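The values are calculated or read from the model by the stated rules, or taken from the named source; none is laboratory data. None of the values given here were measured: they were computed from a predicted structure. Don't worry about glycine lacking a Cβ; one is built from the backbone with ideal geometry, like all the others, and counts go over all protein chains shown. In case anyone asks, the SASA skips ligands and DNA or RNA and just uses the protein heavy atoms, side chains included. Shrake-Rupley method; radii C 1.70, N 1.55, O 1.52, S 1.80 Å.
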Amino acid sequence: MPGVHSADHSADHRAARAITEDEVRSAHLGGKLTVGLRAPLRNKRDLSLLYTPGVAAISSLIAEEPAAARDYTWAGRVVAVVSDGTAVLGLGDIGPKAALPVMEGKSALMKSFAGLDSVPIVLDTTDVDAIVATVTAMAPSFGAINLEDISAPRCFEVERRLTEALDIPVMHDDQHGTAVVVLAALMNAASVVGRVMVDLKVTVMGAGAAGIACAKILHAAGVRDIVVVDSRGVLHSDRADLVADPDSEKARLAAWSNPRGITGTLAEALAGADVFLGVSGGSVDPALVERMAPQPIVFALANPTPEIDPAEATRHGAAVVATGRSDHPNQINNVLAFPGIFLGALDSGAQRITEGMKVAAAGAICAAVSGRASRHRIVPDPFTPGLADLVAEAVAVAARAEGVPGTR
């Protein structure tokens, strides 16, 4: 039922006062997580039930029926939040120890918004083989793997290989969480300006983890005119560096994107575009918004500094603007997506998180906006009661409809 996993948050969260460094340090002192008991351990009888000799019966059962681990251990309800600390928030490659507070934060969000337990794990290696081997070896302890803050292009291979190796859901949130919320926001933004998703011309600035994932999910949702731009210009199948490396993620993207064969720079890609999607961290001349189609949509998601200043984007004609910042309207925030996606995958027993499940999650987020969407309200408030449950239900329904392995 919606609301089961809703956290008890103050109604005035929008107007939270400025925080101080002392408050931050105090809030994080000792870490943000602990482990609790689901069953009481008060006396010798409890000890016999929960440990020896009682536990031997459960271990014997699982030895005979490995699938029983889902019901009789925490593995069916616990997510591993795994990072190597190479692409943390806006901090970059800060290493595993410095990344741990962020992973603890992701676990806190998972618990607060979806009622899911998770364990933050930081790895002191950036080697793809070592990461894959380590996560594969510890996977029996968990029900799902949330990859986090692993730099591109290694993150693509890590996710792909783990998805192939494991029979539990694996998702790199920097890619897919962002993509899901972008799709949800764009659905509502398109309705605000009276456009149809399949007719949109979308220019994506940035061909890293988030940019490629956004392009893929928009394509899966029916958008066909997607042009991606990186630091060397527009991605197209004849670009020399992509021809030289045909197995790269960018080359694969160039093979199906850019249907009009645009070449050149961002300026050429934005001419007549309906949507600018910035996921690069670069800076863009706001005057380029004037080259776009009438009533353009601008998603400038770099943090802490958007690629185009929101006020400037509006001044140059943008009809709807979104950023990654909490102090502007329409924040594209991954917390809208990943708790519900993992909850839905675990609830349904799905062994994979498919593109269809992600599109379904986006649809649920889109529909969760209270009232009619407007230029300043294209995504729901993260504290919307029951949001994670709504997303989870949509994900589970999609998993069953697709016949994803393991669904029940």
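Name the residue that is nearest to P140 (Cα to Cα), counting only residues in the range 49-75 that are among the polar types (S, T, N, Q) and in a helix (DSSP H, G or I).
Here is the first cut: in the range 49-75, the residues among the polar types (S, T, N, Q) are 52, 59-60, 73.
From what is left, the residues that are in a helix (DSSP H, G or I) are 59-60.
Numbers: S59: 14, S60: 16 Å.
Per the criteria, the residue is S59.
Given the residues T134, T163, T178, T125, which is the only one that is hydroxyl-bearing (S, T, Y) and either modelled with pLDDT under 95 or buried (at least 24 other Cβ atoms within 10 Å of the Cβ) (or both)?
Values: T134 fails: either modelled with pLDDT under 95 or buried (at least 24 other Cβ atoms within 10 Å of the Cβ) (or both); T163 fails: either modelled with pLDDT under 95 or buried (at least 24 other Cβ atoms within 10 Å of the Cβ) (or both); T125 fails: either modelled with pLDDT under 95 or buried (at least 24 other Cβ atoms within 10 Å of the Cβ) (or both).
The unique qualifying residue is T178.
How about the range 207-235: which of its residues are part of a loop (DSSP other than H, G, I, E, B) and surrounded by 24 or more Cβ atoms within 10 Å (Cβ to Cβ)? Let's see the steps before the verdict.
As a first pass, look at the range 207-235 and keep what is part of a loop (DSSP other than H, G, I, E, B): 207-208, 221-224, 231-232, 235.
Listed by number, the residues that qualify are A207, L235.
Farther than 25 Å from A220 by Cβ and of a type in the set (D, E) - does that describe any residue in the range 285-292?
First, pick out the residues of the range 285-292 that are farther than 25 Å from A220 by Cβ: 285-291.
If we keep only those that are of a type in the set (D, E) as well, we get 285, 290.
Yes: the range 285-292 contains one or more residues that are farther than 25 Å from A220 by Cβ and of a type in the set (D, E).
Restricting attention to the range 23-45, does a residue exist that is open to solvent by less than 60 Å² (accessible area, probe 1.4 Å), touching a Gly at 6+ places or on another chain (Cβ under 7 Å) and either at pLDDT 90 or above or assigned to a loop (DSSP other than H, G, I, E, B) (or both)?
No, that holds for no residue.
Restrict the check to the range 274-284 and report whether at least one residue is of a type in the set (D, E) and open to solvent by 20 Å² or more (accessible area, probe 1.4 Å).
Going through the range 274-284, the residues of a type in the set (D, E) turn out to be 274.
Restricting the remaining residues to those that are open to solvent by 20 Å² or more (accessible area, probe 1.4 Å) gives none.
Among the residues of the range 274-284, not one is of a type in the set (D, E) and open to solvent by 20 Å² or more (accessible area, probe 1.4 Å), which makes the answer no.
Is it the case, given these coordinates, that K106 is among the charged types (D, E, K, R) and open to solvent by 40 Å² or more (accessible area, probe 1.4 Å)?
Working: among the charged types (D, E, K, R): yes; open to solvent by 40 Å² or more (accessible area, probe 1.4 Å): no.
It is false that K106 is among the charged types (D, E, K, R) and open to solvent by 40 Å² or more (accessible area, probe 1.4 Å).
Select from the range 307-330 the residues that are over 13 Å from V182 (Cβ atoms) and in contact with a His (Cβ under 8 Å, 6 or more places away or on another chain) and write down the one among them that is most open to solvent (accessible area, probe 1.4 Å).
P329
Could you list, in sequence order, the residues of the range 354-408 that are in a helix (DSSP H, G or I) and either closer than 13 Å to A185 by Cα or modelled with pLDDT under 95 (or both)?
Within the range 354-408, the first condition is being in a helix (DSSP H, G or I), and the residues that meet it are 355-367, 387-402.
Scanning the range 354-408 gives V359, A361, A362, G363, A364, I365, C366, A367.
Can you spot a residue in the range 286-298 that is assigned to a strand (DSSP E or B), open to solvent by less than 50 Å² (accessible area, probe 1.4 Å) and touching a Ser or Thr at 6+ places or on another chain (Cβ under 9 Å)?
Taking every residue of the range 286-298 in turn, at least one turns out to be assigned to a strand (DSSP E or B), open to solvent by less than 50 Å² (accessible area, probe 1.4 Å) and touching a Ser or Thr at 6+ places or on another chain (Cβ under 9 Å).
Output the number of the condition that I19 fails; it satisfies all remaining conditions of (1) surrounded by 10 or more Cβ atoms within 10 Å (Cβ to Cβ); (2) not in a strand (DSSP E or B).
With (1) surrounded by 10 or more Cβ atoms within 10 Å (Cβ to Cβ); (2) not in a strand (DSSP E or B) applied to I19, the lone miss is (1).
Testing F156 on (1) closer than 16 Å to R352 by Cα; (2) surrounded by 24 or more Cβ atoms within 10 Å (Cβ to Cβ), one condition comes back false. Which one is that?
Status for F156: all satisfied but (2).
If you scan the range 245-270, which residues turn out to be open to solvent by less than 70 Å² (accessible area, probe 1.4 Å) and either more than 28 Å from the chain's Cα centre (by Cα) or among the hydroxyl-bearing types (S, T, Y) (or both)? Spell out the reasoning first.
Restricting attention to the range 245-270, the residues satisfying the condition of being open to solvent by less than 70 Å² (accessible area, probe 1.4 Å) are 248-251, 253-254, 257-258, 261-262, 264, 266-267, 269-270.
The answer is S248, S257, G261, I262, G264, A267.
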